[in-house]
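Down below is the structure, laid out as structure tokens.
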């Protein structure tokens with residue numbers, strides 16, 4: 001039996017709240033280190049997008065997911081609208097984090113000593129969070145609202 005079919009709207013909102021909060025805290029930490037020390041956390045290379053550190057954009061995307069989850073928990077927006085918003089934002093996050101992850105993963109597999117403190121580039125962890133959020137959001141939309149079927 002598929003566990004995602006058993007998730008109620010309230011439980012789904014709580015899951016999105018905690019996933020959004022985790023992503024927000026991680027990207028917020030990375031952004032704060034960059035903002036206040038002008039260096040990247042964990043002594044990693046700092047990718048830039050439009051002249052700004054990529055972690056700032058990740059923070060913004062996770063913030064939108066987090067706020068959407070809060071709006072869903074408080075029933076300020078419908079569960080369907082919240083789920084669609086989270087699915088769209090997390091898809092943008094997948095494209096964004098994936099754009100930075102692919103070159104870093106290629107470098108990782110080339111045998112070059114990358115010196116990643118966490119084992120993988122930090123963009124990869126953002127990508128993993130966005131993928132998990134996207135999958136859960138799409139499954140919820142499909143199972144609860146017959147969207148994307």
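Quick rundown of the values:
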read-out: Residue that is modelled with the lowest pLDDT, among those in the range 123-149 that are touching a helix residue (DSSP H, G or I) at 6+ places or on another chain (Cβ under 6 Å) and closer than 20 Å to residue 46 by Cβ; value: 123
read-out: Those residues of the range 5-29 which are modelled with pLDDT under 90 and surrounded by 16 or more Cβ atoms within 10 Å (Cβ to Cβ), in sequence order; value: 7, 9, 12, 13
read-out: For residue 62: the one exception among (1) more than 20 Å from residue 30 (Cα to Cα); (2) in contact with a helix residue (DSSP H, G or I) (Cβ under 8 Å, 6 or more places away or on another chain); (3) at pLDDT 95 or above; value: (1)
read-out: The listed residue being touching a residue at least 24 places away in the same chain (Cβ under 8 Å) and touching a helix residue (DSSP H, G or I) at 6+ places or on another chain (Cβ under 6 Å), out of 41, 22, 85; value: 41
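The values are calculated or read from the model by the stated rules, or taken from the named source; none is laboratory data. None of these values were measured; they are calculated from a predicted model. Cβ: placed from backbone, ideal geometry, glycine included. Neighbour counts: every protein chain shown.
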